[in-house]
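These notes are about the structure you will find just below.
The values are calculated or read from the model by the stated rules, or taken from the named source; none is laboratory data. Source: prediction; values computed, not measured. As a convention, Cβ positions derive from the backbone with ideal geometry for all residues, glycine included, and neighbour counts pool all protein chains shown.
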Amino acid sequence: MTAVKKIPKDDVVIEGLTGDAAIAHALKQCDVDVLAAYPITPQTIIVEDFQKFAADGEVKTKVIPVESEHSAMSACVGASAAGARVATATASAGLALMWEILYCAASMRMPIVLTIANRALSAPINIHNDHSDSYGARDSGFIQIYTQSCQEAYDTTIMAFKIAEDHDVLLPIMVCIDGFILSHNVERVEMLPDDAVADFLGIREPVQPLDPNNPITMGPLALTDYYFEFKEQQDRAIKNVPDIFKRVEAEFEKMTGRSYGMFETHKTEDADIIILTHSTAGGTAKVVADTLREQGEKVGVVRLRMFRPFPSEEIAEVVKNAKAVAVFEKCLSFGGAGNPLAMELRTALYHLAERPMVTDFVIGLGGRDVPPTTFVEGYEKTKEYLKKGEAPSYETLGVRK
Amino acid sequence: MSEKFDEIPMAGNIIEPGNAIEYKTGGWRAERPIHIAEKCLWVKNGTCGLCWIYCPDNAIRLIEKDGKYIHEFDYDYCKGCKICYTECPTDAIVMESE
Ligand code: SF4
Ligand code: SF4
């Protein structure tokens, strides 16, 4: 691999791309060997665009149009086992149908890149955005990164291969964009030259590939005697992710000037109330924070990117001096002690002697619009709860009740 | 079985082929097939061999040595499935509780 250097401005191609198209272009430049996928809204354009690249001879990728998402992930596992660089894409019910094989991909240590256009789960059928699909897969062993813009989706897709394929990691990774809000929204995207991406990623070096000359067995049986040890290996691998992630981002930054972190902080230093959210809602939250700041409110935003592994210590460090953290999340954990994002945060803060209050607002289910006023409402409620000294464990905002 | 997590191959991969032979599955057996040479067609004239064909565990050896036909069970791998006992046309195999 050649040393990474700054890409001259003139070599950067600027285009207006949807989130899906931005990911498709990134995949094209990542020299993916195998892409097996089944179409599902709002991810469809990723694979549609990629198929076009394949049909036009712009990529050498073997594209496998399988008959279901279960097969898509199975084919990806097989190809990855043979040492290929592999990607797929899905959403909602498609991810749900992949479920069994998600766990296989992670525990067999296959560095597959799975791009997701987050969409609500049935029933009733709904094609719009929330995070119930990938939150549900949070314990599958996949790394999960949520992105806010088309540029970030493009950049993260490229970096995803380098993180996943690192020998200290060897885990599959989800790169998530919000269905329709980002997947179908055209934004300005700066694209790197092909050879810069090729140099940055290099060729995948598989550790233990399938090879007829050195036959091995993958994914066999392990019962009470060994299974637990393999889970220990997997647990340690995902703990290596933050270090590798930082190294990959630092290299990417040298090349592009862009990096994002495991989460983004916005005006958090002196904030009394910090909003925690992610994906496109993060953009809205920052605008709301800016406006409230103008009115003298001490408010900041943490926009999470990496949900798995969850950067507990780092987030605790950033929010520990605030009076409250207001979580805004697009998922309900029915009957749970909390909803997924707030539950992570509360656990991350539990060890602190003095903890900020955590309020939890479930928003935007099934693509329900999340206007700035929703954030303001949650913010005002949080102020009230601070005054009272107690808050409900969670509440829904933006629903007729 | 005392290896720690970092002393075993990644993800449970079996990195040396053909090592199933190290796994002696005979311990699974609840009943043991016993061969009665006087009734056996292989021993008599080197024919039949149905038990050898059907045994799913390769646990039967039909040996030809110095013009003699010998029948042997490999109890390291015989799981006691009774297939040989069922298939034998001359009742030359009986099952005994372990
Ligand atoms: S009992 Fe089953 S395993 Fe044992 S020798 Fe007979 S056929 Fe083979
Ligand atoms: S099936 Fe019975 S008769 Fe035939 S070889 Fe086996 S033991 Fe002998």
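Could you figure out which of (1) part of a loop (DSSP other than H, G, I, E, B); (2) without any contact (Cβ under 8 Å) to a residue 24 or more places away in the chain; (3) more than 29 Å from A:D211 (Cα to Cα) isn't true of A:G57?
Of everything listed in (1) part of a loop (DSSP other than H, G, I, E, B); (2) without any contact (Cβ under 8 Å) to a residue 24 or more places away in the chain; (3) more than 29 Å from A:D211 (Cα to Cα), A:G57 misses just condition (3).
Would you point out which residue out of A:E249, A:E232 is under 17 Å from B:P9 (Cα atoms), modelled with pLDDT of 95 or more and among the charged types (D, E, K, R)?
Matching residue, one of A:E249, A:E232: A:E232.
Of (1) away from every other protein chain (no Cβ under 14 Å); (2) surrounded by 13 or more Cβ atoms within 10 Å (Cβ to Cβ), B:T47 satisfies all except one. Which?
Looking at each condition in turn, B:T47 falls short on (2).
Scan A:A79, A:A105 and give me the residue that is touching a Cys at 6+ places or on another chain (Cβ under 8 Å) and touching a residue at least 12 places away in the same chain (Cβ under 8 Å).
It is A:A105.
Just checking, does the stretch B:22-32 include any residue being β-branched (V, I, T) and within 24 Å of A:G219 (Cβ to Cβ)?
yes
Being among the small types (G, A, S) and within 14 Å of another protein chain (Cβ to nearest Cβ) narrows it down to one residue among A:A271, A:A222, A:A285, A:A281; which is it?
A:A222
Would you point out the residue of the stretch B:68-79, among those that are surrounded by 17 or more Cβ atoms within 10 Å (Cβ to Cβ) and closer than 17 Å to B:I36 by Cβ, that is nearest to ligand 1 (Cβ to nearest atom)?
Checking each candidate, the answer is B:C78.
Can A:D360 be described as within 22 Å of A:I127 (Cα to Cα), modelled with pLDDT of 95 or more and either not assigned by TED's automatic domain parsing to the domain that holds A:P242 or not in a helix (DSSP H, G or I) (or both)?
no
Okay, residues lined up against (1) farther than 30 Å from A:P124 by Cα; (2) outside the structural domain of A:F245 (by TED's automatic domain parsing); (3) within 21 Å of the chain's Cα centre (by Cα):
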{"position": "A:A289", "(1), (2), (3)": "yes, yes, no"}
{"position": "A:G300", "(1), (2), (3)": "yes, yes, no"}
{"position": "A:S312", "(1), (2), (3)": "yes, yes, yes"}
{"position": "A:G364", "(1), (2), (3)": "no, yes, yes"}
{"position": "A:V370", "(1), (2), (3)": "no, yes, yes"}
{"position": "A:E377", "(1), (2), (3)": "no, yes, no"}
{"position": "A:A391", "(1), (2), (3)": "yes, yes, no"}
{"position": "A:K401", "(1), (2), (3)": "no, yes, no"}
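Take the stretch A:195-226 and flag every residue that is farther than 30 Å from A:H278 by Cα, surrounded by 13 or more Cβ atoms within 10 Å (Cβ to Cβ) and not small (G, A, S).
A:D199, A:R204, A:P206, A:V207, A:Q208, A:P209, A:L210, A:I216, A:T217, A:M218, A:Y226
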